[in-house]
Amino acid sequence: MGYGFRAGLDRLFRSLAGLRRKDHHVGMSENQPSAPPTVMRLPSYTKTEQEEILGNGDDPFGVAEAGLAWLPKEEHFGVTLGDRLVAHAGLLRLPLAIGDTKTEVVGVGGVAVAPQERGRGMARLVVAAALHHARTMGPQHALLFCRPSLVPLYQRLGWHPLDQEVLVEQPESRVVTMPLRTMVTPLRDNVAWPSGPVRLFSLPM
């Protein structure tokens, strides 16, 4: 990891550390972890690391009923407590069209927080670290798909619901309407999401 990226994450972590107490979920413990969390860029992220965070259930993200095929992410960020990986977020550049304009976004996906650590600001930390890097990748916006129940969480993190249908590709040249909620956030100052129908030229991430 380069010095500039590490220094940027250090500054980001210091600025967010005071916010962790504000990001509690109903029904989760408010006890703070004894060890400070460490935010890092991960060299890889496999099913083993995912299971370390979420366990080995059949539907760890709760989206199996959508029946979608997904792309793996290419850039990975994590939060550790001691020697445990407790949160992850991944990034992938995606081609899409907004109206008649073809462009790219940074897709954010695979966001995961260990059940015992939810409500302690881990999602805020790991998503902020991923977006810190996404701002160096070129596209002007980041985009994610999530269950409706997670919309308030992402709104607290600065994301905005996209209240329109989004078309995505699936195997066998199928194009389907994304059944999950679509959310976007700018990666540059003073950049608004354009108007027009949205069509992803790939599987979702």
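Listed values, structure above:
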quantity: Unique residue being more than 18 Å from residue 191 (Cβ to Cβ) and either free of Cβ contacts under 8 Å to residues at least 40 places away in the same chain or surrounded by 15 or more Cβ atoms within 10 Å (Cβ to Cβ) (or both) when the list is 158, 121; calculated: 121
quantity: In region 180-194, the residues that are in contact with a strand residue (DSSP E or B) (Cβ under 8 Å, 6 or more places away or on another chain) and either over 14 Å from residue 107 (Cβ atoms) or free of Cβ contacts under 8 Å to residues at least 40 places away in the same chain (or both); calculated: 181, 182, 186, 191, 192, 193, 194
quantity: Residue match in region 67-84 (condition: small (Gly, Ala, Ser), in contact (Cβ under 8 Å) with a residue 60 or more places away in the chain and within 20 Å of residue 119 (Cβ to Cβ)); calculated: no
quantity: Candidate set from region 127-155 (those that are surrounded by fewer than 16 Cβ atoms within 10 Å (Cβ to Cβ) and polar (S, T, N, Q)); member that is nearest to residue 113 (Cα to Cα); calculated: 149
quantity: Residue selected from region 185-203 under the condition polar (S, T, N, Q) and in a loop (DSSP other than H, G, I, E, B), by the criterion surrounded by the fewest Cβ atoms within 10 Å (Cβ to Cβ); calculated: 190
quantity: Residue list for region 37-66, restricted to those being surrounded by 13 or more Cβ atoms within 10 Å (Cβ to Cβ), more than 12 Å from residue 112 (Cα to Cα) and either without any contact (Cβ under 8 Å) to a residue 40 or more places away in the chain or of a type in the set (A, V, I, L, M) (or both); calculated: 39, 40, 42, 63, 66
quantity: Test result for residue 177, crowded, with 18+ Cβ neighbours inside 10 Å, in contact (Cβ under 8 Å) with a residue 12 or more places away in the chain and of a type in the set (S, T, N, Q); calculated: no
quantity: Filtered residues of region 160-184 (kept if closer than 16 Å to residue 70 by Cβ and in a loop (DSSP other than H, G, I, E, B)); calculated: 171, 172, 178, 179, 180
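Each value in this text was obtained by applying a stated rule to the coordinates, not by laboratory testing. This structure is a prediction, so every number in the text was calculated from the model and none was measured. A quick note on method: Cβ atoms are made from the backbone with ideal geometry, for glycine too, and the neighbour counts reach across all protein chains shown.
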